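Asks: Supplied in structure tokens, the structure appears directly below.
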Amino acid sequence: MNLLRSILLAGSESRWLRDRATKYKFAQRAVSRFMPGETFEEALEASRALGLGTVLTQLGENLRSVEESKQVTRHYITVLERVHESKLDVEISVKLTQLGLDFSREACAENLHTLMERAKTLVNWVWIDMESTAYTDATLDIFRRARSAFANTGLCVQSYLYRTAADVETLIPLGAGIRLVKGAYREPPEKAFPHKKDVDENYFRLAERLLSQEARARGVRAIFGTHDPILIRRIEEHARSAGLSPDALEFQMLYGIRRQEQLRVVEAGHRFRVLISYGAAWFPWYMRRLAERPANVLFVLRSLFAR
Ligand SMILES: Cc1cc2nc3c(=O)[nH]c(=O)nc-3n(C[C@H](O)[C@H](O)[C@H](O)COP(=O)(O)OP(=O)(O)OC[C@H]3O[C@@H](n4cnc5c(N)ncnc54)[C@H](O)[C@@H]3O)c2cc1C
């Protein structure tokens with residue numbers, strides 16, 4: 001399974017595969033399991049149909065020019081405005097490489113600032129995704145700067161990285177939003193726990209820290225971004241024994257994954273959002289979804305033979 005995961009993650013970085021795979025109908029059929037459509041309108045419609053809070057993110061990672069990052073910023077501003085008009089409970093999540101991080105840290109920080117300003121006037125929230133370790137330091141730096149000017153922002157952190165426990169200690173005093181996930185990229189054993197059980201255990205330790213009295217007193221908005229039922233039960237149990245009410249816990253899961261667990265979490269009285277992705281540049285993102293559960297490759301094969 002580890003070998004298949006590595007192959008899929010290596011494939012996610014292949015431009016050659018991306019250019020071909022996205023043209024095939026069977027691949028488009030397979031991806032629709034995790035994505036209601038390629039357009040923002042379809043993502044908004046899915047938010048309405050779900051009747052739950054959502055987080056929207058436009059797919060696409062490394063860009064070709066700074067001008068493209070300005071277009072992405074304008075796109076997200078339109079999204080914030082349309083969400084405001086729709087009166088739906090929708091937040092957004094962005095990748096800093098989409099805001100131009102590969103070209104200039106300053107230009108990226110400026111784009112984020114523009115976005116955050118609009119989000120503030122519309123009383124909305126902007127999440128920042130965490131990408132591969134090539135970007136971790138820059139992402140933390142830009143996030144810290146944004147957070148010093150805006151309260152309505154949160155950052156994703158990954159439990160597979162050894163460094164995350166120390167990073168979390170620097171984020172807690174900021175009272176920031178912190179979305180804890182396991183991590184979806186190909187990372188070397190010098191940087192990330194190679195064994196899943198260690199990633200899971202670190203996730204739980206970090207969750208305990210994010211629910212600590214100190215973190216709550218600082219105003220940390222902790223999000224648990226996972227579909228792992230064992231971890232979710234452990235976190236619920238921990239929160240109960242710490243005397244927290246169910247709505248002190250907030251979970252987020254990806255569209256189309258473990259729907260029964262999504263409903264159970266809502267029924268248990270926890271806060272909950274579905275993260276919905278959209279956009280034509282879905283290939284690397286979809287390969288990471290396959291790598292998370294290599295059995296998903298069977299669905300792709302089935303789509304190949306479906307009419
Ligand atoms: C809201 C949200 C935001 C995220 N943001 C980021 C980010 O910014 N940076 C980043 O690196 N990663 C991000 N991720 C992805 C994350 O790092 C994991 O790769 C992903 O969530 C799978 O891990 P898991 O916690 O669900 O646990 P796992 O142990 O991988 O999965 C637990 C169970 O969930 C189900 N499951 C999980 N993934 C799939 C799948 N793809 N298809 C079908 N079933 C599946 C399976 O039943 C599996 O047994 C995000 C995830 C979520 C939910």
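Asks: Got at least one residue in the range 209-222 being within 21 Å of TRP285 (Cβ to Cβ), surrounded by 17 or more Cβ atoms within 10 Å (Cβ to Cβ) and among the β-branched types (Val, Ile, Thr)?
Replies: First pass over the range 209-222, keeping only residues within 21 Å of TRP285 (Cβ to Cβ): none.
Within the range 209-222, not a single residue is within 21 Å of TRP285 (Cβ to Cβ), surrounded by 17 or more Cβ atoms within 10 Å (Cβ to Cβ) and among the β-branched types (Val, Ile, Thr).
Asks: Return the residue satisfying two criteria in turn: it lies in the range 218-233 and is more than 8 Å from the ligand (Cβ to nearest atom) and under 18 Å from the mean Cα position of the chain (by Cα), and of such residues it is farthest from ALA176 (Cα to Cα).
Replies: This residue is ILE232.
Asks: Do you know which residues across the range 258-275 are near the ligand (Cβ under 10 Å from one of its atoms) and in contact with a helix residue (DSSP H, G or I) (Cβ under 8 Å, 6 or more places away or on another chain)?
Replies: Listed by number, the residues that qualify are ARG258, GLU261, VAL274.
Asks: Go through the range 260-307 and give me each residue that's of a type in the set (A, V, I, L, M, F, W, C), touching a Lys or Arg at 6+ places or on another chain (Cβ under 8 Å) and at pLDDT 80 or above.
Replies: Within the range 260-307, PHE283, ALA291 meet the criteria.
Asks: Does the range 160-179 include one or more residues that are hydroxyl-bearing (Ser, Thr, Tyr), under 16 Å from the mean Cα position of the chain (by Cα) and at pLDDT below 95?
Replies: No: the range 160-179 contains no residue that is hydroxyl-bearing (Ser, Thr, Tyr), under 16 Å from the mean Cα position of the chain (by Cα) and at pLDDT below 95.
Asks: Another question, if that's okay. Given the criterion away from the ligand (no atom under 13 Å from the Cβ) and within 30 Å of GLU110 (Cα to Cα), identify the matching residue among ALA165, ALA184, ALA248. Working first, answer last.
Replies: On the way: ALA184 fails: away from the ligand (no atom under 13 Å from the Cβ); ALA248 fails: within 30 Å of GLU110 (Cα to Cα).
Criteria check complete, one pass: ALA165.
The values are calculated or read from the model by the stated rules, or taken from the named source; none is laboratory data. These numbers were taken from a predicted model, which means no experiment stands behind them. Cβ sites come from the backbone with ideal geometry, for glycine too, and all protein chains shown count toward neighbours.
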